[in-house]
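Values in this text are rule-based calculations from the coordinates and carry no lab data. Just so it is clear, the structure is predicted and the values come from calculations on it, not from any experiment. Cβ atoms come from the backbone with ideal geometry, glycine included; neighbour counts cover every protein chain shown.
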Amino acid sequence: MAKFLLWLILLVLCWPVALVALVAYPIVWLILLPYRLICVAFDGVFSLLRALVLLPSRVLAGPGRT
């Protein structure tokens, strides 16, 4: 909601910039989408590595501790 209100203020103050932002936002989102997917993949890989590294300590801790 705050973004929409800020866009409305920008529309009142400088409507050409607001219209350019309205058109450019989806294009920028599409350009950045592959980087977001790469980030998700790296997050999964690092979570797997963390689980593998911490597995011995979890096994030695016993069933009562998480």
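Things to note:
- For the chain, built as a Gaussian network whose Cα springs stay under 10 Å, the top-fluctuating residue of 21, 41, 51: 51
- DSSP-assigned coil residues among trypsin sites (Lys or Arg not before Pro) in the chain, each with at most 13 further Cβ atoms within 10 Å: 65
- The candidate values were [x] 13.8; [y] 16.0; [z] 15.6; the one computed from these coordinates for Kirkwood radius over Cα pairs in Å carries the label [y].
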